[in-house]
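The values are calculated or read from the model by the stated rules, or taken from the named source; none is laboratory data. Source: prediction; values computed, not measured. Every residue, glycine as well, gets a Cβ built from its backbone with ideal geometry; the counts of neighbours run over all protein chains shown. Side chains are part of the model used for accessible areas, which takes the heavy atoms of the whole protein and leaves out ligands, DNA and RNA. Shrake-Rupley method; radii C 1.70, N 1.55, O 1.52, S 1.80 Å.
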Amino acid sequence: MKPLLIDPLEERLNAMPDYALVLPAGAVATGQGSINDKSGVTASNTGLRARFVRTPSGWYYGDHVLLQWQQPGDVSHQRESEQDLQYGVSVSEQPDMAGVPRLTVDLYGSLMRYERDAVTQSLGRGRQADLGRGWARATLHWALQLQLIVDGNGRVNVISRARKAAPVADGGKTGAYIASDPLAHLLHLPRLTHAWDHGSASLAAVQDYLVARLAAAIEPALAHD
């Protein structure tokens, strides 16, 4: 399981840019309250990427980053950008449609993105005007179950069942914030969803490449048992 599914999935995840290093041009990191928590890494800010770690039922990958930064100028933005990326794999025995216990692998992926923006305008002589605050959050996730099924001819097949939920998103603002729709202004949900659906560790990629590779290795081996 590990060399056929866990290791290549970890490689795909870590081929994506490290969110801890992603800041827009002109941004200044404040460093106050920042988080860079990666599974399998004992200390933050080491430059190491997250790793799958063993759990009682399988493996877990977590990469939680919170950046606090500023866009200085006459109109100043105090920003928070947060991303929580999690993948899990569990192995168990669960009944198939006929009630027979079968080896079952459950995979899931989840992504949470949060943005907060507080805006002030310089009025000169050390005075500032509060232009309000906006925030936006989006959560995306999918689940995939793999089960070994034996057909009437004794052939073993890896059957997959996928579930993908619609994005859960919300946002809001206080005061005279600069955008009427903070969700669209701060997160650009269509672009985020497209990257989630078509990335190298997306549900489609896991099904088309990693699960197909796993099935190709497992089915012939079990057919000779």
*Among residues of the stretch 172-218, those that are charged (D, E, K, R) and over 18 Å from the mean Cα position of the chain (by Cα), counted*: 4
_Condition check: touching a Pro at 6+ places or on another chain (Cβ under 8 Å) and closer than 19 Å to Pro182 by Cα. Does Trp69 satisfy that?_
no
*Might you check whether a residue that is open to solvent by less than 40 Å² (accessible area, probe 1.4 Å), modelled with pLDDT of 95 or more and of a type in the set (Gly, Ala, Ser) occurs anywhere in the stretch 172-186?*
yes
*Could you grab me the full set of residues in the stretch 72-93 that are surrounded by fewer than 17 Cβ atoms within 10 Å (Cβ to Cβ), under 30 Å from Ser57 (Cα atoms) and hydroxyl-bearing (Ser, Thr, Tyr)?*
Ser90, Ser92
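Output the residue which, of all residues in the stretch 93-117 that are modelled with pLDDT under 95 and assigned to a strand (DSSP E or B), is nearest to Ala195 (Cα to Cα). Don't jump to the end; show me each part of the working.
As a first pass, look at the stretch 93-117 and keep what is modelled with pLDDT under 95: 93-105.
Then drop every residue that is not assigned to a strand (DSSP E or B), which leaves 93-95, 101-105.
Values: Glu93: 33, Gln94: 33, Pro95: 34, Pro101: 36, Arg102: 34, Leu103: 32, Thr104: 28, Val105: 25 Å.
It comes out as Val105.
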*Where a residue in the stretch 190-214 is within 23 Å of Met112 (Cβ to Cβ) and in contact (Cβ under 8 Å) with a residue 24 or more places away in the chain and its partner, wherever it lies, is open to solvent by 50 Å² or more (accessible area, probe 1.4 Å) and among the polar types (S, T, N, Q), with Cβ under 7 Å and at least six apart*: Gln207/Ser160
